[in-house]
Amino acid sequence: MASTTVESERRARSSGERRMYTGAAIAAALVVFAGFARTYYLKSAFGTPDLTTLKQVHGAVMTGWFALFVVQVRLVATGRTAVHRKVGVAGAGLAALVVAMGTMLGIASARAGATPIPSLSPLVFLVMPIGEIALFAGLVAAGLAMRKRPAWHKRFMLLSSVAILTPAMARLPFDFIQAGGPLVFFALTDLVVLACIAVDTAKNRRLHPAFAMGFVYVLVMQFGRLAFSQTQAWMNFARWLVA
């Protein structure tokens, strides 16, 4: 009887985790769509300026990443882990494209003098996309390194997608977001991250170390880049990047 109860609890936790991961993947995709609807997905309806080829490719790559996130979560949820692993090989290549395209676009925008936040110069703002790419790369690398430890792997991969929602959050058409600046952008992203961690912790009755370590890394990369952007070392590095 005891073993039956334990098994029932394990299955209930597993089912709850699958729902959480599916919900997080869909929520992330919706945030990305909402954030970039006016400038990318529905730009023809909003009459926003034409995009450069680089921006179009970057948008397609990022869309592919979040679509893949949903697919991978559902493959695991439906028990098709063998297919999940095979698709993961292509996913690693797509992650590399995300890093490459994100870096190229950030540098190109700074070189063109573009800055979405008027109070920040292009070189100072460049720390935002570069930091976002570094955050993504670190979490994906951790997830791939832990691919033989599913409990760690899936949590790092979840963080790699929800922790990079900041650019989409920054573009949501709400006055308090636009007026709040980077701290509000980060806070909204962190709420999504914390929601995932809270649900997972409640289901498993403990905070998993991957989430604990991952969230600390997210915070360091968020607030660390703001502090670093005010240093001469960053300005020298930014000038080198755009040269």
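The values are calculated or read from the model by the stated rules, or taken from the named source; none is laboratory data. Here the structure is a predicted model, which is why all the values come from computation and not from measurement. Note: ideal-geometry Cβ built from the backbone for every residue, glycine included; neighbour counts use all protein chains shown. Ligands, DNA and RNA are stripped out before the accessible areas are found, and what is left, the full protein with its side chains, is counted by its heavy atoms. Shrake-Rupley method; radii C 1.70, N 1.55, O 1.52, S 1.80 Å.
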(Q) With angles folded into 0 to 90 degrees, how steeply does helix 81-111 sit against the dominant principal axis of the chain? Use alpha carbons for both and round to 10. (A) 20
Q: Could you tell me the distance between the Cα centroids of region 167-238 and region 96-166, to the nearest Å?
A: 12
**Q.** Cα lying deepest toward the dipole's positive end in the chain, options F176, P118, V32, charges on Cβ
**A.** V32
Q.
Full-extension gain between F237 and A60, please, as 0.36 nm times their residue separation minus the C-alpha to C-alpha distance.
A. 60.9 nm
**Q.** the chain, accessible surface, carbon-and-sulfur percent (1.4 angstrom probe)
**A.** 69
Q: Give the accessible surface of region 145-243 per residue, rounded to a whole number of Å², with probe radius 1.4 Å and ligands, DNA and RNA excluded.
A: 52
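Do any trypsin sites (Lys or Arg not before Pro) in region 107-197 lie in a DSSP loop with no more than 11 other beta carbon atoms within 10 Å, and if so, which?
Filter output for region 107-197: K148.
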Q: Output the direction-averaged projected area (hull surface divided by four) of the convex hull of the alpha-carbon atoms of region 94-243, in nm².
A: 9.5
**Q.** Count of lysine pairs in the chain with Cα separation under 28 Å (8 or more residues apart, or interchain)
**A.** 5
Q: Report the one residue of A92, L159, A195 whose Cα lies farthest in the direction of the positive end of the charge dipole of region 62-221 (charges on C-beta: Lys and Arg +1, Asp and Glu -1; origin at the Cα centre).
A: A92
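With charges set only on the Cβ (+1 for Lys and Arg, -1 for Asp and Glu), what does the dipole of region 116-243 come to about its Cα centre, in debye to the nearest 20?
Values: 11 positive and 4 negative charges, 134 e Å.
Magnitude of the dipole: close to 640 debye.
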(Q) Show me the ranking of peptides 81-88, 188-195 by mean Cβ neighbours inside 10 Å, starting with the highest. (A) 188-195, 81-88
Q. Among G224, L144, F185, which residue has its Cα positioned farthest towards the positive end of the charge dipole of region 110-237, with +1 placed on the Cβ of Lys and Arg, -1 on the Cβ of Asp and Glu, and the dipole taken about the Cα centre?
A. L144
Q | Angle between the chain longest axis and helix 53-77 axis [Cα atoms, degrees, rounded to 10] | A | 10
Q: Specify the angular offset, from 0 to 90 degrees and rounded to the nearest 10, of the alpha carbon long axis of helix 2-36 from the longest principal axis of the alpha carbons in the chain.
A: 20
Q | Rounded accessible area per residue of region 52-115, 1.4 Å, Å² | A | 51
Q. Rounded to the nearest 20 Debye, what is the dipole magnitude of the chain about its Cα centre when Lys and Arg each give +1 and Asp and Glu each give -1 at the C-beta?
A. 840
